[in-house]
Amino acid sequence: MPPGFSASDFYYILPELVLTGGALVVLLLSVVTPRRDGLLLGVSLATVAATLLGVASFAGLDETVSRGLLAIDGFAAFFKVVVLVSAALTLLMSAPYLRVEGLRAGEYYFLILCATLGMMFMASGVDLITLFIGLETMAVSFYVLAGYLKPNPRSNEAAVKYFLLGAFSLGVLLYGMSILYGVTGTTNLAATAAALSGQGPSLVLVLAVVLVGAGMGFKIAAVPFHMWAPDVYEGAPTPVTAFLSVGSKAASFAMLIRIFLEGLPSLGGEWTFLFYLLAIITMTVGNIAALTQSNLKRLLAYSSIAHAGYLLMGVVAGTERGVAAMLVYLGVYLFMQLGAFAVVAAMRRSDVVGDELKDLTGLSRRSPMAAFAMLFFMLSLGGIPPTAGFMGKIWLFGAAIDAGFVWLAVIAVANSAVSLYYYLRVVVFMWINDETAPAASPLVIGPAMTVALVVALFGTVLFGLYPQFLFEHAEAAARTLEGIGAGVALR
Amino acid sequence: MEITSAHYTVLSAALFSIGVIGVLVRRNVIIIFMAIELMLNAVNINLVAHARYLENLIGQVFVVFVIAVAAAEAAVGLGILLAFFRNKETVNIDEMNIMRW
C-alpha cells in the first residue's frame, strides 16, 4: 500500500466528520425549507449532541493518528467537550435572539458549527499546519458572525476591527512558525521538541517564541494584544460574543499549551517569563478597565480579559497540577460566562437593546429568575464561596503557589478582590427599584433561553458544591500531555 | 554572487517589516489589508527558502495552506468591508469610531 492515509485515520476523526456533515445539512436545509428555524435549531443541536457522543466514545484513548497530525488524547477530549457544550448553549440562546433581530438562522447555525469544527482541530492538532488550519476555520467563521447584523453599524465596525487585527495576528503567528520550521526542519510538535532538546536559547528561537506568543496572545486577548476585544464583544451579536469569549478562548488556550508545552519545552525558561509578565499585566489591566464601564457587554469583555490573565497562571506554572487547574477553571468559566451572556441576550427585545448596565434596573422584579441566575454568575465570576468560580480560583492559585509563583498568586488574589467591585455593581443595579425606568415591563424568557440559563446555572452551582467530578477529569486530561514541567527556570 | 538562504531570510524579514509598518501607519482599510497580505507573503518566502535549504517539502505544503487561507480571508474581509461601506460610505479607519478603539 502506498504511503498515505488509511481508513483508520478517518475512524479517529469521526466526531469531526459528523459535525461537518451536520453543518452541511443545516446549510442545505436552510435553502430547501426557508423559515423553519425550529427545525434548523433541532438539527444543529442534534449534530452537536452526536459529536459529543463520538468524542465520549473515544475517551481513554491516548494515540497520535493521521501520520502525526492529530492526537486523540484526554487533553483533546476535555477541550472538545468544553467547546461542544459551549456551542450547544450558544445555539440555545441564539434562537430567540435571532427571532428578535429578524435574522436568517440557517447560515448562522452553519457558521457556529464551522467555528466549533475549527476549535476541535485546535484541541487535537499536534502539528503547526493542523493547528493553524483549525485556528483559521474558527477565525474566518467568527469574522462573518461578528458582522452578522448587517444593517447595524456597530456590528459592521466590530467585524472590520476583528478581521483586521485577526489577520494581522495571523501574520505574526505564521512568521514565528516559519522561523521555527527553519530552525527545526519540521512542523510536528513532538519532532520540534526532539530537535530542540539540549539546545540553548538562541536569538532566533527567542524571536520565534515572542512572535508565536504574541500571535496567540491576540487570540486569547492577553493585554498588550487585547484592544480588539472590548469593541468586538460590544458590537457583535450577544450570543456570538458569548461563544467568542468562551469557545474561542478555550480552543486558543489548548493550542497555546500544545505549542509551548509539547513543542517548545526546551525553551521553558523563556516562555514562562513571557507568560508570567503577560498574566500579571492582563489580569490587572482587565480588572481596572472593567471598573469604569457602563456597557454590560463591554464590562464582561474586560472581565473575560482578566480571566485570560488568571488562566495564563496555569500555563506559567507549567506543572501537571497547573494545567489541570487551568482546565478546571475553563470548565467552570464556560458555565458562568455563558450564563452571564445569556442574561444579556435575554434582555434584547424588539424595542430595547438591553446591553447597558442601566437596562438591568429593577430586573429582580421584572424577571426574578433571570436576576437570581445573574446574581449567581456574578458571584461565581468574582469567586465567592459556594459557587464554582471559587473552587476554580482556589485550585488555580494553589497550583501557582505549588509551582513556586507566590507573588503571581498574591497579585491574582488582589485582582479578584478588585473585580468584586464591578461584579457586585451589576448585582446592585438589578435590585434597584426605579418605578420611572422606561423598560419596567416584565421580561419574558422563552423556552430555549430558559434551558440555556438553567444549564448554565446548574453547572455554576453543581461544580461549586461537587467539584471532584471536574477535578478528576481535568487531572486525567492533563496527565496525557507531553512535556509537562517545562517551565522550571523561574522557580 | 551566489544567492544563499540568508538572502531570502533577509528579504522575508524586510517584507514582513514593511507589512507591519504599513498596518500601523496607513489609515485606509484596503491598504492595511494589502499590508497584511505582504506579511503573509513574507512568511511564504521564508517557508519556501527554508524548504529548499532543508531539502524537505513540509515548508512548501505549508505555503499552499497559507495561500489558500489568505484567499479565504480576502473573500470574507472584502465582504465585511462592503457591508461596512454600505452603512458609512468610507473605508477610513479613523471613522470607525462608534466604539472607542
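Across peptide B:10-23, what mean number of C-beta atoms from other chains lies inside 10 Å of a residue's C-beta?
Partner Cβ neighbours, averaged per residue: 2.
About the Cα centre of chain B, how large is the charge dipole given +1 on each Lys and Arg Cβ and -1 on each Asp and Glu Cβ? Please answer in debye to the nearest 20.
260 debye
Could you pull out every one of the lysines with an alpha carbon less than 30 Å from that of A:LYS80, ignoring same-chain neighbours closer than 8 positions?
Excluding near neighbours in sequence, the set is A:LYS161, A:LYS219, A:LYS249, A:LYS297, A:LYS393.
Tell me the carbon and sulfur percent of the accessible area for the stretch B:5-93, rounded to whole percent, probe radius 1.4 Å.
Answer for the stretch B:5-93 is 69 percent, counting heavy atoms of protein chains only.
I'd like the orientation of helix A:406-431 relative to chain A: the angle between its Cα long axis and the longest Cα principal axis, in ° from 0 to 90, rounded to 10.
Between helix and principal axis, roughly 20 degrees.
As an exercise, use a Förster radius of 30 Å and the Cβ-Cβ distance of B:LEU82 and B:ARG26 to find the FRET efficiency, rounded to the nearest 0.05.
FRET efficiency, B:LEU82 to B:ARG26: 0.95.
Report the relative contact order of chain B, percent, no decimals, based on alpha-carbon pairs under 8 angstrom and at least 6 residues apart.
Worked out over chain B, it gives 26 percent.
In percent, how large is the relative contact order of chain A, given Cα pairs closer than 8 Å and 6 or more residues apart?
17 percent
Dividing the alpha-carbon radius of gyration of the stretch A:228-324 by 2.2 N^0.38 Å (N being the number of residues), what value is obtained?
1.16
Just which residues of the stretch A:139-163 lose 40 Å² or more accessible area with every protein chain there, against their chain alone, with the probe set to 1.4 Å?
A:VAL140, A:PRO153, A:ARG154, A:ASN156, A:GLU157, A:VAL160, A:LYS161, A:PHE163
Does the stretch A:247-304 come out rounded, prolate or oblate, given a ≥ b ≥ c as the square roots of the eigenvalues of its C-alpha gyration tensor, rounded meaning a/c under 1.5 and, failing that, prolate meaning a/b above b/c?
The shape class here is oblate.
How do the peptides A:111-123, A:408-420 rank, highest first, by the average count of neighbouring beta carbon atoms within 10 Å per residue?
Descending mean neighbour count gives A:111-123, A:408-420.
Against the longest alpha carbon principal axis of chain B, how many degrees, from 0 to 90 and to the nearest 10, is the axis of helix B:58-88 turned?
Tilt relative to chain B: about 10 degrees.
At a cut-off of 20 Å², which residues of the stretch A:87-136 become less accessible once all protein chains are present than in their chain alone, using a 1.4 Å probe?
A:ILE129, A:PHE132, A:ILE133, A:GLU136
Carbon-plus-sulfur fraction of the accessible area of chain A, 1.4 Å probe, in percent?
C and S atoms contribute 70 percent here.
Tell me the total accessible area that A and B bury against each other, 1.4 angstrom probe, in square angstrom rounded to 100.
3800 Å²
Counting partner chain Cβ atoms within 10 Å of every residue's Cβ in B:72-79, what's the average?
Shielding by partners across B:72-79 averages 5.
Name the residues of the stretch A:166-204 whose accessible area, probed at 1.4 Å, falls by at least 20 Å² once all protein chains are in place instead of their chain on its own?
Residues shielded by partner chains are A:ALA167, A:PHE168, A:LEU170, A:GLY171, A:LEU174, A:TYR175, A:SER178, A:TYR181, A:GLY182, A:GLY185, A:THR187.
So what is the accessible area of the stretch B:5-93 per residue, in Å², with the probe set to 1.4 Å?
Each residue of the stretch B:5-93 exposes 52 Å² on average to a 1.4 Å probe.
Answer with one residue from A:GLY134, A:PHE58, A:TYR97: the one whose Cα lies farthest towards the positive end of the charge dipole of the stretch A:54-153, charges on Cβ with Lys, Arg +1 and Asp, Glu -1.
So the residue we want is A:TYR97.
Express in nm, to one decimal, how much length is gained between A:LEU277 and A:TYR466 on full extension, taking 0.36 nm for each residue of separation and deducting their alpha carbon distance.
Extra length available between A:LEU277 and A:TYR466 comes to 64.7 nm.
Taking 8 Å as the Cα distance limit and 6 or more residues as the minimum spacing, I'd like the relative contact order of the stretch A:306-416 as a percentage.
Here the relative contact order equals 34 percent.
Can you give the mean number of other chain Cβ atoms that lie within 10 Å of the Cβ atoms in peptide B:86-99?
Across the residues of B:86-99, the mean count of other-chain Cβ atoms within 10 Å is 4.
Limiting things to C-alpha atoms, what are the Rg and the maximum Cα-Cα separation (Dmax) for the stretch B:5-93, in angstroms?
15.6, 51
Once both axes come from the Cα atoms, what is the angle between helix A:388-402 and the longest principal axis of chain A, in degrees from 0 to 90, rounded to 10?
Once rounded, the angle reads 30 degrees.
About the Cα centre of the protein assembly as shown, how large is the charge dipole given +1 on each Lys and Arg Cβ and -1 on each Asp and Glu Cβ? Please answer in debye to the nearest 20.
Taking the Cα centre of the protein assembly as shown as origin, the dipole is about 1080 debye.
With the other protein chains left in place, how much accessible area per residue, in square angstrom, belongs to chain A at a 1.4 angstrom probe?
That works out to 32 Å² per residue.
Along the charge dipole of the stretch B:5-93, which of B:VAL10, B:VAL48, B:PHE33 sits closest to the positive end, that is, farthest toward it, with unit charges on the beta carbon of Lys, Arg, Asp and Glu (+1, +1, -1, -1)?
Highest projection toward the positive end goes to B:PHE33.
Residues of the stretch B:7-42 with the amide nitrogen closer than 18 Å to a label point 7 Å from the Cα of B:ARG52, along Cα-to-Cβ, please.
B:7-16, B:41-42
Set the Förster distance to 35 Å, then compute FRET efficiency between A:SER197 and B:ALA72 from the Cβ-Cβ distance, nearest 0.05.
So the FRET efficiency works out to roughly 0.45.
If you take the alpha carbon radius of gyration of the stretch A:220-274 and divide it by 2.2 N^0.38 Å, what ratio comes out, to two decimals?
Its radius of gyration relative to the 2.2 N^0.38 Å reference: 1.39.
Could you give the nm distance between label points at B:VAL61 and B:THR4, where each point is 7 Å from its Cα heading toward the beta carbon?
Using points 7 Å along Cα→Cβ, the separation is 2.9 nm.
The values are calculated or read from the model by the stated rules, or taken from the named source; none is laboratory data. Computed from a predicted model, the values in this text were never measured in an experiment. Here Cβ is always computed from backbone atoms with ideal geometry, including for glycine, and neighbour counts include all displayed protein chains. For the accessible areas, the whole protein counts, side chains as well, though only heavy atoms, and no ligand, DNA or RNA atoms are used. Shrake-Rupley method; radii C 1.70, N 1.55, O 1.52, S 1.80 Å.
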